[in-house]
Structure formats: structure tokens, C-alpha cells
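The values are calculated or read from the model by the stated rules, or taken from the named source; none is laboratory data. Predicted model, so just to flag it, every value in this text is computed and none were measured. All Cβ positions, glycine included, derive from the backbone under ideal geometry; neighbour counts span all protein chains shown. SASA here: full protein model, heavy atoms, side chains in, ligands and nucleic acids out. Shrake-Rupley method; radii C 1.70, N 1.55, O 1.52, S 1.80 Å.
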Amino acid sequence: ENQKEYFGRGDEEYQKIKKKTLNWIKKKSGQDYVIAVPGAATTAAIIALNSFVEGNALVINTGYYSTRWFNYLKKTKVAKKTDFLSYDKFIKKKNLQKYKFIIFVYVETASCTKFDIKKIHKKCKSLGANLIVDATASIGLESNHKLADVIFFSSCKGLFGPTGLGFIAYKKIIKIKSSPDF
């Protein structure tokens, strides 16, 4: 009775549902803007990395997905320079070089590990770096996504939505850069 097909072609009911959903996601993510993208979290990640990362970047090594984002950034040269540092070393290291963006996977599904986003946020702020969080396995399940400057995720894990829809959410203070790829 409540299932309907929506195509979004000037359909007022669809527009209301879309607005309500994006506002809910904005609230849940603690961000100012939300962009829905066709495709899953990988598509959202690639668009987010290409749209925001510039200057020097550091990927915090938490496992499989962080390695994936590090390899992507190295291959594409989206950042001026990309470094890779373990979670423990990042937390403990006193003198880190200047990074404009730090990329962090909050929950690493490959190892079933949740990392401390509060510690990461605190360290990023002390370094003056922007925090980008892969929230694919944490959104809807964990708190404190508001600590990130940019997050990306899909609808199908913690949000229990359909597959094939990704999201990028970000703060007002973060500027989208011009990219020849997007």
C-alpha cells in the first residue's frame, strides 16, 4: 500500500520526500550541505576526494579502505603530496608536517574496528587541517560525524537504505575546488 514508484520528473511528492530525506541526512551527519550522487560510497568517495582535496594530504592508515583512498590519491595526484601514516603513529606523533586535508576511515569494516574520531578531530584542529571522513560503515550507527569537515557514505549500510546511492556532506567553511575531472 505504501510502496510507490518515483522517477523525480516534476513529481511534487518525490520532491517532498527528497527534501525530507536530505534534511534528515544533513541532521544525522552534522554537516551543512548534502549532495546525493548516483552510485555507492566509492563513487561518493572519488567525487569528494576530487572536489575537496588539494595541497598536502595525509591518509590515516586504518586498513583496507584507507589503503584504497591512499592508492587513489597517489595514482591521480589529486593532492600535491600524499602521505600514509598508521592511526597509532598519527595520534602519538608530536611533529607532523603541514597537511591541508587528513583522510580518515571512522569504522574499518574489513577488520571490524572503530577508531576514535574525537582524537583524530582534536589532532586535525591542532594541525589546522581539514578532516575528511569515510563514514560508509559508521553513519547511522556511530556518533560525532559533525566533527568532520567532509564526509562521504552510502545509503545501504547504517542508514538501511537501498543500494546505489551515495552522499557527500560538508561544512559551509569548506570550498569545492574546480576539478577537470568533474
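Of all residues in segment 145-165, those being surrounded by 19 or more Cβ atoms within 10 Å (Cβ to Cβ), part of a loop (DSSP other than H, G, I, E, B) and not aliphatic (A, V, I, L, M) number 3.
Residues considered: SER86, SER126. Of these, the only one that is over 17 Å from the mean Cα position of the chain (by Cα) and open to solvent by 60 Å² or more (accessible area, probe 1.4 Å) is SER126. If you go through segment 22-60 one residue at a time, how many are in a loop (DSSP other than H, G, I, E, B) and touching a Gly at 6+ places or on another chain (Cβ under 7 Å)? Selection size over segment 22-60: 2. When you scan segment 129-159, how many residues do you find that are modelled with pLDDT of 95 or more, within 21 Å of ILE47 (Cα to Cα) and over 10 Å from the mean Cα position of the chain (by Cα)? Number satisfying all stated conditions: 4. Residues that are among the hydroxyl-bearing types (Ser, Thr, Tyr) and in a helix (DSSP H, G or I) were ranked within segment 66-113; the one that is farthest from ASP134 (Cα to Cα) is THR76. Does ILE132 meet the test of being farther than 13 Å from ASN61 by Cβ, open to solvent by less than 90 Å² (accessible area, probe 1.4 Å) and not in a helix (DSSP H, G or I)? The answer is yes for ILE132. For segment 116-123, does any single residue satisfy the condition of being open to solvent by 30 Å² or more (accessible area, probe 1.4 Å), among the acidic types (Asp, Glu), at pLDDT 95 or above and not in a helix (DSSP H, G or I)? Yes - at least one qualifying residue is present in segment 116-123. One residue stands out in segment 43-80 among those that are out of contact with any strand residue (DSSP E or B) (no Cβ under 6 Å at 6 or more places or on another chain), over 24 Å from LYS172 (Cα atoms) and hydroxyl-bearing (Ser, Thr, Tyr): the one that is surrounded by the most Cβ atoms within 10 Å (Cβ to Cβ), namely TYR72.
Can you name every residue in segment 29-42 that is buried (at least 20 other Cβ atoms within 10 Å of the Cβ) and of a type outside the set (Gly, Ala, Ser)?
Within segment 29-42, just GLN31 meets the criteria.
Here GLU142 fulfils each of the conditions (1) without any contact (Cβ under 8 Å) to a residue 24 or more places away in the chain; (2) open to solvent by 30 Å² or more (accessible area, probe 1.4 Å); (3) touching a helix residue (DSSP H, G or I) at 6+ places or on another chain (Cβ under 9 Å) apart from (1).
Note on segment 98-115: residues that are over 17 Å from the mean Cα position of the chain (by Cα) and crowded, with 24+ Cβ neighbours inside 10 Å total 0.
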